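Below is one structure, written out as structure tokens; comments come after it.
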Amino acid sequence: MFYALLGIPLTLVMFQSLGERINTFVKYLLHRAKKGLGMRRADVSMANMVLIGFFSCISTLCIGAAAFSYYEHWTFFQAYYYCFITLTTIGFGDYVALQKDQALQTQPQYVAFSFVYILTGLTVIGAFLNLVVLRFMTMNAEDEKRDAEHRALLTRNGQAGGGGGGGAGGAGGSAHTTDTTSSTAAAGGGGGFRNVYAEVLHFQSMCSCLWYKSREKLQYSIPMIIPRDLSTSDTCVEQSHSSPGGGGRYSDTPSHRCLCSGAQRSAISSVSTGLHSLSTFRSLMKRRSSV
Amino acid sequence: MRKHSVRTAALIVCILSYLLVGAAVFDALESEAESGRKRLLAQKRSELRRKYGFSAEDYRELERLALQAEPHRAGRQWKFAGSFYFAITVITTIGYGHAAPGTDSGKVFCMFYAFLGIPLTLVTFQSLGERLNALVRRLLLAAKRCLGLRRPHVSTENMVVAGLLVCAATLALGAAAFAHFEGWTFFHAYYYCFITLTTIGFGDFVALQNDEALQRKPPYVAFSFLYILLGLTVIGAFLNLVVLRFLAASADAPERAARPLRQGARASRGPALPYRPSHPAGSTSISYRIHELELWARDNLGFSPPASPGAGGRGRAGRSLARRKSI
């Protein structure tokens, strides 16, 4: 029990970490391949990744099935079923490798192969899950944070510091909603871009322009992050007015300020068509600083 | 990226050494008992054979029959109640194995069922767990306010302690219940609950297998199912609180990794570089993703509305950064 208590979270983290590394690598390879093939748009979409992940899972299962059907004298189907049940960690135990002919003692290469296969197979499956499922598992927590930020920002209307300062408590963890609310008041606005996370949440909830970005990021998620209320972008404009300077090391770029204004609602259509030109925003910023 | 890879390598080394240590410990603990049991079994078997005059093949046949009869001893496993139990063990990946599909079509359906069911279950339990954590946090906050504490504030430590207590309580409750209903000792019942709720599911102890409980005791059956599902929610909540943040998501990391390669030697590299080292790929899921968004925001003035992840946006990023420098 103690072994499992420590080992299971460690294993979960390890497989997800390794899976993420593999996904990154595969994405890089695919990108290079696309460029090598001379394709005009050499970017790797989510659909590409999912397809590749799916096929690598299938081939892992097939390779294992072939190997185990040979060594254990099962049919291919039985060996495939065994690999599937093993790699999804269900593990019925109706088929178990290394149980015949004293294999554990007398066939070390086969034993080594089995161990390596299980661990590698779990990595592949873990990579696929990391790609497809993990984002849904953090959904709730992020929505909750965004709601909390939104509420906090609304209550702090007019305070300097572009609301994001209040998000100081929000870094990294899942729901620290109460932390956020209390530290929102405490942090006050120094214009300090204390916590990017909160800033981004702020953007996501307040600014439709970044809403588009988050929408794109989450296009494969079930809930769409819809700006709660476009009118709140006025709030964001006020706050950005009141915090003219930049905070900390970001003074050269105005990213801590909300770059939307009420007038930008019309820009949303151009944003959503993906043709939004940054010059629009450039002129926007110029206008704001003149005000 | 480097930091992330180092972290991954460290985790792999950690796991491998954990496996080696575990193997050594289990060997030390179990080997003796195993040989003891085997000796006893051989002794009993030769006694039986002497008593009844079995031949070797007869005995092997009898042994095989006895093994095959084992699952049937517990009653009908594939009627609706038993099948529901089986479905639970599949999608939660507990997988006792007390009942496993015997027909090929059953196996095929099982695989498809698991393929859809497992991710769905993972997401559902994490979602439920997160809601449970939010509820517990609110309750703790209310309790702290009630107690008149000056700074009512629920820290992570509070939540972790609360989570541990709730988990322990769940296990203890289940242990008490199953010890009573199944006639196990409290320790065996606790072991059963632990192995079930961590979804390991050895199958050495399985509930609802005595006295045809699946058919004859519907309230107990309902209790078992509810207990498993609620227990998994509680464990899921605890994992959500403690472990989920360490699970690195690959959503943005690949884009960021690929981008510098794509932009090549463009001027855009200039302003970007000073920032990048300060945010190495020490990713811890959510905070890392947010840092990424921040970097991206700075690079692209906060937005790059690509039609596909990172597509034309990246080109625009380069152009925009060039433009920024001119301004």
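The values are calculated or read from the model by the stated rules, or taken from the named source; none is laboratory data. Small disclaimer: the values here were computed from a predicted structure and weren't measured. Glycine gets a Cβ as well: all are built from the backbone with ideal geometry, and neighbour counts include every protein chain shown. All accessible areas refer to the heavy atoms of the entire protein, side chains included, with ligands and DNA or RNA removed. Shrake-Rupley method; radii C 1.70, N 1.55, O 1.52, S 1.80 Å.
Hey, can you tell me all the residues within segment B:87-103 that are farther than 11 Å from B:THR199 by Cα and either of a type in the set (Gly, Ala, Ser) or free of Cβ contacts under 8 Å to residues at least 24 places away in the same chain (or both)? B:ALA87, B:GLY97, B:ALA99, B:ALA100, B:PRO101, B:GLY102, B:THR103 - these are the residues of segment B:87-103 that are farther than 11 Å from B:THR199 by Cα and either of a type in the set (Gly, Ala, Ser) or free of Cβ contacts under 8 Å to residues at least 24 places away in the same chain (or both).
If you go through segment A:67-87 and keep only what is open to solvent by less than 30 Å² (accessible area, probe 1.4 Å) and within 9 Å of chain B (Cβ to nearest Cβ), you end up with A:TYR81, A:PHE84, A:ILE85.
Residue-by-condition table, conditions (1) within 10 Å of chain B (Cβ to nearest Cβ); (2) of a type in the set (S, T, N, Q):
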| position | (1), (2) |
| --- | --- |
| A:GLY7 | yes, no |
| A:GLN16 | yes, yes |
| A:VAL26 | yes, no |
| A:GLY38 | no, no |
| A:ALA42 | yes, no |
| A:MET49 | yes, no |
| A:THR60 | no, yes |
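Scanning segment B:201-223 for residues that are within 17 Å of B:PHE86 (Cβ to Cβ) and assigned to a loop (DSSP other than H, G, I, E, B) yields B:GLY201, B:PHE202, B:GLY203, B:PHE205, B:VAL206, B:ALA207, B:LEU208, B:GLN209, B:GLU212. Candidates A:PHE54, A:PHE68, A:PHE113, A:PHE84: the one that is part of a helix (DSSP H, G or I), touching a Cys at 6+ places or on another chain (Cβ under 8 Å) and of a type outside the set (Ser, Thr, Tyr) is A:PHE68. For B:LEU173, indicate whether it is surrounded by fewer than 19 Cβ atoms within 10 Å (Cβ to Cβ) and within 22 Å of B:LYS217 (Cα to Cα). Judged against the criteria, B:LEU173 is a match. Only residues that are open to solvent by 90 Å² or more (accessible area, probe 1.4 Å) and of a type in the set (Ser, Thr, Tyr) were counted in segment B:32-55, giving 1. Of the listed requirements (1) of a type in the set (A, V, I, L, M); (2) part of a helix (DSSP H, G or I); (3) within 13 Å of another protein chain (Cβ to nearest Cβ), B:LEU226 misses just one: (3).
Working only within segment B:62-91, note down all residues that are within 11 Å of chain A (Cβ to nearest Cβ) and either open to solvent by 10 Å² or more (accessible area, probe 1.4 Å) or of a type in the set (D, E, K, R) (or both). Before the answer, list the steps.
Taking segment B:62-91 and keeping what is within 11 Å of chain A (Cβ to nearest Cβ), we get B:71, B:86, B:89-91.
Matches in segment B:62-91: B:PRO71, B:PHE86, B:ILE91.
Identify the residue in segment B:141-161 that is more than 19 Å from B:GLY236 (Cα to Cα) and part of a helix (DSSP H, G or I) and, among all such residues, is most open to solvent (accessible area, probe 1.4 Å). Steps first, answer last, please.
Restricting attention to segment B:141-161, the residues satisfying the condition of being more than 19 Å from B:GLY236 (Cα to Cα) are B:141-155.
Subsequent filtering for residues that are part of a helix (DSSP H, G or I) retains B:141-146.
Values: B:LEU141: 19, B:ALA142: 54, B:ALA143: 46, B:LYS144: 43, B:ARG145: 147, B:CYS146: 121 Å².
Among those that are more than 19 Å from B:GLY236 (Cα to Cα) and part of a helix (DSSP H, G or I), it is B:ARG145.
Do we find that B:TYR96 is open to solvent by less than 20 Å² (accessible area, probe 1.4 Å) and not in a helix (DSSP H, G or I) in this structure? Answer is yes for this residue.
For the subset of segment A:88-97 comprising residues that are among the aliphatic types (A, V, I, L, M) and over 15 Å from B:GLY106 (Cβ atoms), which member is least open to solvent (accessible area, probe 1.4 Å)? Before you say what the answer is, go through the steps one by one.
Initially, segment A:88-97 is screened for residues among the aliphatic types (A, V, I, L, M), giving A:90, A:96-97.
Within this subset, residues satisfying the condition of being over 15 Å from B:GLY106 (Cβ atoms) are A:96-97.
Numbers: A:VAL96: 65, A:ALA97: 8 Å².
Selected residue: A:ALA97.
Touching a residue at least 40 places away in the same chain (Cβ under 8 Å) and either open to solvent by 20 Å² or more (accessible area, probe 1.4 Å) or outside any helix (DSSP H, G or I) (or both) - does that describe any residue in segment B:187-197? Checking segment B:187-197: not a single residue is touching a residue at least 40 places away in the same chain (Cβ under 8 Å) and either open to solvent by 20 Å² or more (accessible area, probe 1.4 Å) or outside any helix (DSSP H, G or I) (or both).
Could you tell me whether A:TYR28 is over 27 Å from A:PHE113 (Cα atoms), in contact with a helix residue (DSSP H, G or I) (Cβ under 9 Å, 6 or more places away or on another chain), open to solvent by 60 Å² or more (accessible area, probe 1.4 Å) and hydroxyl-bearing (Ser, Thr, Tyr)? Considered against the rule, which asks whether it is over 27 Å from A:PHE113 (Cα atoms), in contact with a helix residue (DSSP H, G or I) (Cβ under 9 Å, 6 or more places away or on another chain), open to solvent by 60 Å² or more (accessible area, probe 1.4 Å) and hydroxyl-bearing (Ser, Thr, Tyr), A:TYR28 comes out as yes. Here B:LEU239 fits the description: within 10 Å of another protein chain (Cβ to nearest Cβ), within 30 Å of A:PHE15 (Cα to Cα) and surrounded by 19 or more Cβ atoms within 10 Å (Cβ to Cβ). Restricting segment B:11-25 to residues that are more than 9 Å from chain A (Cβ to nearest Cβ) and open to solvent by less than 70 Å² (accessible area, probe 1.4 Å), the residue that is farthest from A:PHE25 (Cα to Cα) is B:ALA24. Return the residues of segment B:200-216 that are within 14 Å of chain A (Cβ to nearest Cβ) and open to solvent by 40 Å² or more (accessible area, probe 1.4 Å); say none if nothing qualifies. Across segment B:200-216, the qualifying residues are B:ILE200, B:PHE202, B:ASP204, B:PHE205.
In segment B:217-234, of all residues being closer than 22 Å to A:THR89 by Cβ and not polar (S, T, N, Q), the one that is surrounded by the most Cβ atoms within 10 Å (Cβ to Cβ) corresponds to B:LEU232.
State whether one or more residues within segment A:110-131 are within 21 Å of B:SER127 (Cα to Cα), open to solvent by 30 Å² or more (accessible area, probe 1.4 Å) and of a type in the set (A, V, I, L, M, F, W, C). Looking through segment A:110-131, at least one residue is within 21 Å of B:SER127 (Cα to Cα), open to solvent by 30 Å² or more (accessible area, probe 1.4 Å) and of a type in the set (A, V, I, L, M, F, W, C). Looking only at residues in segment A:47-66 that are crowded, with 16+ Cβ neighbours inside 10 Å and either charged (D, E, K, R) or in contact (Cβ under 8 Å) with a residue 40 or more places away in the chain (or both), the one that is farthest from A:ALA127 (Cα to Cα) is A:GLY64.
Would you be able to tell me the number of residues in segment A:1-33 that are free of Cβ contacts under 8 Å to residues at least 12 places away in the same chain and in contact with a Lys or Arg (Cβ under 8 Å, 6 or more places away or on another chain)? Give the derivation first.
So in segment A:1-33, the residues free of Cβ contacts under 8 Å to residues at least 12 places away in the same chain come out as A:1-14, A:17, A:21, A:24-25, A:28-29, A:32-33.
Those still in the list that are in contact with a Lys or Arg (Cβ under 8 Å, 6 or more places away or on another chain) too: A:17.
Residues in segment A:1-33 being free of Cβ contacts under 8 Å to residues at least 12 places away in the same chain and in contact with a Lys or Arg (Cβ under 8 Å, 6 or more places away or on another chain): 1 in total.
Against the condition within 15 Å of B:LEU239 (Cα to Cα), more than 8 Å from chain A (Cβ to nearest Cβ) and open to solvent by less than 30 Å² (accessible area, probe 1.4 Å), how does B:GLY129 come out, does it pass? Spelling it out, B:GLY129 is indeed within 15 Å of B:LEU239 (Cα to Cα), more than 8 Å from chain A (Cβ to nearest Cβ) and open to solvent by less than 30 Å² (accessible area, probe 1.4 Å).
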